[in-house]
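FYI, it's all coordinate maths here, none of it is from the lab. Everything numeric in this text was worked out from a predicted model, so none of it was measured. Here the Cβ is made from the backbone with ideal geometry for all residues, glycine too, and neighbour counts use every protein chain on show.
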Amino acid sequence: RRSQRRSTRVAEGARYRVNIASEGAGGGGRSDARGTDADLGRVGELVGQGFENQRTLVGVREDAQTAHARLAVNQAESSAANAGREERMALVDAAVAARDLALATLEKTYLRAPFDGVVVLKNAEVGEVVSPNSKIGRAHV
C-alpha cells in the first residue's frame, strides 16, 4: 500500500508538471520536461518491481511526451518573438534614419541672413533652385 501511494504521488507529480509546462513558457518548460522524464524513470522502476501497473506507466509516458511537445512549441514561439523583435528594431532604426534625412533636407530649405531685417524684394519663386551666390532678394536692415 505504501509503495502504491508513493507511485500514485509520482504519477500525480508528473501530471502536475505537465500542467505547469503547458501554462508556462521558456526555461520553466525545460525543467518541467526534465521532471516528467525523471518521473517516467521512477514509475518504470516501480512497474518493473511490480508496485505499479502498466496503465500508470503509459499515462506518465504520455504526460512526458506532452511536456516535451509543449516545450518545443514554447521554444518555437520564443524564437519567433525574438526574430519579430529584431525585425521591429530594424524598422525603428530605418524610421529614425528617414526622419534624420528629412530634417537635414528641411534644414537646407531655410534662408538665413547674418543680420535682422525685413525682406522688401524677392527674385526667386517657391520651388526654384538657386545657387549660393545668386541674388534672390533685398532686405532693409
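Applying the criteria of a DSSP loop state and at most 11 other Cβ atoms within 10 Å to the trypsin sites (Lys or Arg not before Pro) of the stretch 54-141 yields Lys108, Arg112, Lys135. Amide H to amide H, with H built 1.01 Å from N, Ala139 comes under 5 Å of Val120, counting only residues 5 or more places away or on other chains. Given axes a ≥ b ≥ c from the Cα gyration tensor, I'd like to know whether the stretch 50-113 is rounded (a/c under 1.5), prolate (a/b larger than b/c) or oblate. Note, shape of the stretch 50-113 comes out prolate. How large is log10 of I(q)/I(0) for the stretch 79-141 at q = 0.26, 0.28, 0.29 Å⁻¹ when the intensity is taken from the Debye formula with one equal scatterer per alpha-carbon? Calculated log10 I(q)/I(0) at the listed q: -1.12, -1.18, -1.21.
Between Asn82 and Ile136, the contour length at 0.36 nm per residue exceeds the alpha carbon distance by 14.0 nm. Annotation: extensible slack from Thr105 through Leu91 equals 2.9 nm (criterion: 0.36 nm per residue apart, minus Cα-Cα distance). The GluC sites (Glu not before Pro) of the stretch 72-141 that DSSP puts in a loop, and whose beta carbon has at most 12 other beta carbons within 10 Å, are Glu125, Glu128.
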